[in-house]
Amino acid sequence: MKPFRMRYITAALLLITCLTSGAQEKEKRKIIIDQDAAGPAGTDQQSMLLLIQSPRTQVLGITVVTGDQWLHEEVAHTLRMLELIGRTDIPVVPGAEYPLVRRKQDTEQWEQQYGSVLWLGAWTPRFYHPPDQLGEMPEGKPITKPADEDAAHFLVRTVHEFPNQVTVYEGGPMTNLALAISIDPEFAGLAKELVFMGASLNPRTDDPEFVNAPTHEFNLWLDPEAAHIVLSAPWKKIVCTPVDISVKTRLTSNLIDRIKASDSPAARYIGKYARLRGNYNYLWDELAAAAWLDPSLITKKETLFMDVDLDRGAGYGNTLSWTERDKPKIEVQPVEVQDDLDLEKFYKMFVDLLTAQTPHNN
């Protein structure tokens, strides 16, 4: 072979290698955020910001479900947050306004028999307003509009478009995911994995929400039937950030001040709207998001099998869990449950992501 031709082939191979390497470096992890997106700021919006702020993440869409607030206001808070950080390219897709079965009136009757529940989300009496009202919007009403598609169909369509590539991040009640599974039984199997904040096993805390009911957790409790459908589905992998590890975290004034020192759009948003509320300011959903971005944050984990109590008694909606040895004979799915974390590493990541400049549109 002539020398010049050999040099040409070598140069071509080097170019191909460089292009392939560059493409791999630029490849981003695909994720759909399903969230009860209360706002402004707070754990729901802040967890979404962490995922959006990561330069290694491609957020394909945000599907919204009633939970901490009503669907209508959650959609508005999310659209406005995206406007303020310059990421209106991310579609916001409205989902379920009510749980599959549980209703406010039934829950009030349940409380008369079994005792009051401290957090009822959109149904909490001191915050309650009709579902078609926005409530307070201190950040201003959004100009952009949500997608015309509904959340369940968006979820199904997207995993078919990117089979085995999409992580589904769940930060709220699982109603949208249950509806997607009901529409298409292949939905869960086509996703790469499910990552969710939820469940409570035996948290070490003096928080009154969990002292008397250690297996009660809002995201699973608000729509138990949906959680049962989702946790029974054939996901390739399920990762759970439970109350047990969440209560080891705190949003503090120091963290807020460190973020406010930056002039990034995300930092300005957090600096203006983040608030400390009472004695328990856990970074619930933020930890689930951060641990997906960097699994090394988690220093201890275990595999359990998980479901939800569907009996209409005192334990309705509570978390059920088993080890491999004592799991029931009916089909239950293994769940990777996070038990402990590197707290300072998590706080540093939290601040670093929220003080960074927002990545360009994907």
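The values are calculated or read from the model by the stated rules, or taken from the named source; none is laboratory data. This is a predicted model, so every value here is computed, not measured. Please note: Cβ atoms are built from the backbone with ideal geometry, for glycine as well, and neighbour counts cover all protein chains shown.
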State whether one or more residues within the range 101-117 are under 30 Å from Tyr269 (Cα atoms) and touching an Asp or Glu at 6+ places or on another chain (Cβ under 7 Å). no
Mind telling me which of the residues Leu50, Leu79, Leu84 ends up being among the hydrophobic types (A, V, I, L, M, F, W, C), at pLDDT 95 or above and surrounded by fewer than 21 Cβ atoms within 10 Å (Cβ to Cβ)? Leu84
Any chance the range 240-250 includes a residue that's touching a Lys or Arg at 6+ places or on another chain (Cβ under 6 Å) and either crowded, with 21+ Cβ neighbours inside 10 Å or of a type outside the set (A, V, I, L, M, F, W, C) (or both)? no
How many residues are touching a residue at least 12 places away in the same chain (Cβ under 8 Å), surrounded by fewer than 24 Cβ atoms within 10 Å (Cβ to Cβ), outside any loop (DSSP other than H, G, I, E, B) and not hydrophobic (A, V, I, L, M, F, W, C) if we restrict to the range 159-178? 2
Candidates Glu83, Glu139 - the one that is over 19 Å from Thr175 (Cα atoms), in contact (Cβ under 8 Å) with a residue 12 or more places away in the chain and in contact with a Lys or Arg (Cβ under 7 Å, 6 or more places away or on another chain): Glu139
If we keep just the residues of the range 260-295 that are free of Cβ contacts under 8 Å to residues at least 40 places away in the same chain and not in a loop (DSSP other than H, G, I, E, B), which is surrounded by the most Cβ atoms within 10 Å (Cβ to Cβ)? Gly271
Members of the range 267-315 that are hydroxyl-bearing (Ser, Thr, Tyr), at pLDDT 95 or above and closer than 20 Å to Glu217 by Cα: Tyr282, Thr303
Tell me, which residue of the range 118-147 that is at pLDDT below 95 and touching an Asp or Glu at 6+ places or on another chain (Cβ under 7 Å) is farthest from Tyr269 (Cα to Cα)? Leu118
When Trp221 is run through (1) surrounded by 24 or more Cβ atoms within 10 Å (Cβ to Cβ); (2) over 24 Å from Arg102 (Cα atoms); (3) aromatic (Phe, Trp, Tyr), the failure sits at (2)
Considering the range 301-358 alone, what residues qualify as being closer than 15 Å to Cys240 by Cα, exposed (fewer than 14 other Cβ atoms within 10 Å of the Cβ) and among the acidic types (Asp, Glu)? Glu302, Asp340
In the range 186-201, what count of residues is obtained for those that are part of a loop (DSSP other than H, G, I, E, B) and without any contact (Cβ under 8 Å) to a residue 40 or more places away in the chain? 1
Looking at the range 320-362, which of its residues are charged (D, E, K, R) and part of a strand (DSSP E or B)? Glu336, Asp339, Asp340
